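The block underneath contains the structure these notes are about, expressed in structure tokens.
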Amino acid sequence: MNALAKALPCLTWLHDYRRSDLGGDLIAALIVTIMLIPQSLAYALLAGVPAEMGLYATILPLVAYALFGTSRTLSVGPVAVISLMTATAVGDVVSRTGADYVSASVALAMLSGLLLVAMGLLRFGFLVNFLSHPVVAGFITASGIIIAVGQLRHLLGVDAHGDNLLVLGSSLARGITDTNSVTLALGGLAIAILLLARYRLKPALSRLGLSPRLSDFVCKSSPVVVVILTSLLAWSLSLADRGVALVGSVPSGLPALSLPVFDPALWLELLDSALLISIIGYVESVSVGKTLAAKRRQRIDANQELIGLGAANLASSVSGGFPVTGGFSRSVVNFDAGAVTPAAGLFAAGGIALAAMFLTPFLYYLPNATLAAVIIVAVWQLIDFSHLTRAWRYARADFLAIAITIGVTLVQGVEMGVLCGVAASIVLHLYETSRPHMAVVGEVPGTEHFRNIERHKVVTHDNILSLRVDESLYFANATYIEDAIYRLVAENPGVTDVVLMCPAVNAIDLSALESLESVNQQLDESGVRLHLSEVKGPVMDCLRKTDFVEHLSGEIFLTQHQAIETLSKKQSSRHLTLASQAS
């Protein structure tokens with residue numbers, strides 16, 4: 001039963017479900033449904049697929065995640081960044097191969113789902129650790145800028161294209177003279193209403209005496225209000241005749257379930273993009289899931305989350321959708337609205353299904369500019385340059401990683417941006433660890449603690465060099481550490497003993513071991529003994545598997561204090577012996 005519950009986390013929350021949970025889940029589902037209908041349509045526009053696919057990519061994925069996911073409040077569906085990556089990947093493949101755009105989008109969701117499930121079964125949840133937060137933050141900021149600029153063509157009513165800022169900017173500049181003033185006015189009105197609802201409406205409603213929950217509900221409903229208002233304007237004023245682009249006919253009913261067409265050549269073309277979308281989507285989703293779970297002292301299973309998101313993407317594919325993941329804004333709304341269990345996602349899926357069955361005829365007059373406004377206001381919160389200033393003050397390496405990620409994403413597009421960001425993080429990490437911090441230390445008077453001689457008033461010994469290495473020893477820093485030891489010994493000709501203090505050394509690889517063996521031999525030949533202190537158990541276990549300990553010219557001490565005390569006594573004993581012989 002435990003194994004089954006682990007594979008199907010829904011069994012746990014269903015077993016513990018209480019009647020009191022139902023109210024919170026239903027209210028949260030209602031609020032999220034109202035929010036998701038315009039968002040799903042907008043993100044379909046962003047992904048370049050028909051509007052109904054946005055609804056299809058929301059219904060079954062919510063159900064699949066509720067069954068297989070471990071977060072109680074994560075809401076899965078189309079999100080801005082993944083929709084942009086979908087548009088970029090599918091557009092590139094379609095331009096090269098001539099494949100059908102919709103079929104390629106559905107196949108991309110299937111590939112992403114298969115990759116995520118495979119990674120979950122192989123317990124690859126640790127992959128999230130290889131995308132540093134600065135890189136993800138930079139990537140999301142740059143993607144938000146590209147998304148917002150890309151939607152300007154719908155606000156202006158001009159023909160523009162491109163998947164990076166340079167191409168989009170030049171394309172918009174060429175078409176700026178063709179701006180449709182009616183479309184611009186309609187989009188501007190939508191943005192103004194959405195911004196007022198987000199930043200001004202809730203305080204105003206509170207002053208009027210509305211409860212916080214009701215005020216929040218009204219604010220979250222503002223996209224639906226904008227959709228209804230602009231659709232009525234487009235219908236009553238016949239704005240289509242004045243050049244305003246409309247969503248047009250949207251098929252009613254639930255999606256037909258079917259597998260995407262298996263085209264090996266197409267799937268191979270999409271494979272790299274599917275992997276990137278899977279990893280980025282997983283990182284975004286698991287970050288949100290962990291944050292929300294921590295607020296209620298809950299936890300999520302990283303490996304099971306891969307399977308849950310994979311199941312959601314597979315469900316999206318078989319129902320005619322495109323790649324999905326856990327969204328930040330919708331999940332926070334779900335959490336704040338009082339969702340207790342994933343049942344809220346099931347209820348929301350039911351709400352979206354009803355909308356797909358009965359509301360789609362009313363979407364005919366919905367202006368594309370309105371959906372563009374919804375996207376722009378939604379992604380505005382993704383654009384955050386505070387990470388750059390904070391990183392500049394705290395860690396220049398992280399600043400460089402963020403700057404590279406933002407710059408490359410803006411100039412070369414989302415896929416190259418995330419690849420260069422990851423590469424920059426790895427290279428910078430290797431560079432930083434290849435030049436580890438090393439400190440000559442001495443004993444703080446009256447204690448057994450050892451600190452950097454440049455920072456503290458400490459006791460040192462002319463014949464003993466105490467050197468602390470603040471990094472694990474591996475191939476990238478082995479030579480640097482070796483050269484540093486030789487330099488310090490050369491600068492202190494009275495040294496007879498070198499004690500390498502290792503409290504921060506968690507591992508020693510073979511290259512570093514060979515360097516230590518060389519150091520031991522070179523120092524021994526010059527009459528200097530090499531000692532180790534505070535070596536961690538796992539490191540010591542590895543050293544004992546070799547003959548390094550047997551050939552070590554000095555000793556291995558449990559603590560640095562013990563090392564200094566022992567070596568000082570031996571030095572005093574030698575002095576006494578020499579004095580006795582001289583007399």
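The values are calculated or read from the model by the stated rules, or taken from the named source; none is laboratory data. Bear in mind the structure is a predicted one, so any value in this text is a computation, not a measurement. Reconstructed Cβ throughout: ideal geometry from the backbone, glycine too, with neighbour counts over all protein chains shown. For accessibility, only protein heavy atoms count, side chains too; no ligands or nucleic acids. Shrake-Rupley method; radii C 1.70, N 1.55, O 1.52, S 1.80 Å.
What to note about this one:
- Restricting attention to the chain, lysine pairs at least eight places apart or on different chains and with alpha-carbon atoms under 24 angstrom apart total 8.
- Annotation note: trypsin sites (Lys or Arg not before Pro) in segment 115-178 located in DSSP loop regions with a Cβ neighbour count of at most 12 within 10 Å are 123.
- For segment 144-160 versus segment 424-445, the spacing of their alpha-carbon centroids is 46 Å.
- Extension gain, residue 236-residue 480: 0.36 nm per intervening residue step, less the Cα-Cα distance, totals 80.3 nm.
- Selection from 86, 543, 24, by position along the positive dipole direction of the chain (Cβ): 24
- Here the spin labels are modelled as points 7 Å beyond Cα on the Cα-Cβ line, and at residue 225 and residue 427 they lie 5.0 nm apart.
- Ranked by how many other beta carbons lie within 10 Å on average, peptides 368-381, 232-245, 523-536 from highest: 368-381, 523-536, 232-245
- Accessible area of segment 418-526 divided out per residue, in Å², using a probe of 1.4 angstrom: 52 Å²
- In the assembled protein chains, residue 216 presents an accessible area of approximately 30 Å² (probe radius 1.4 Å).
- When the convex hull of its Cα atoms is viewed from all sides, segment 207-330 shows a mean projected area of 13.4 nm².
- Cα-Cα pairs of segment 456-515 separated by more than 16 Å (percent): 49 percent
- Working ranking of peptides 320-326, 262-268, 29-35, 473-479 by packing, defined as the average number of other Cβ atoms within 10 Å per residue, highest first, is 320-326, 29-35, 473-479, 262-268.
- Cα centroid separation, segment 35-90 to segment 535-559 (Å): 55 Å
- Each of the peptides 563-570, 42-49, 85-92, 292-299 was scored by the mean count of other Cβ atoms within 10 Å over its residues; in descending order, highest first, they stand as 42-49, 85-92, 563-570, 292-299.
- Taking amide H positions as modeled 1.01 Å from N, with prolines and chain starts lacking one, the residues under 5 Å from residue 557 and 5 or more places away or on another chain are 532, 533, 534.
- Over 44 Å [Cα-Cα, the chain], rounded percent: 35 percent
- Karplus-derived 3J(HN,Hα) values for segment 315-326, using 6.51 cos²θ - 1.76 cosθ + 1.60 with θ = phi - 60°, are 5, 4, 5, 6, 9, x, x, 10, x, 9, 7, x Hz; glycine and proline are entered as x.
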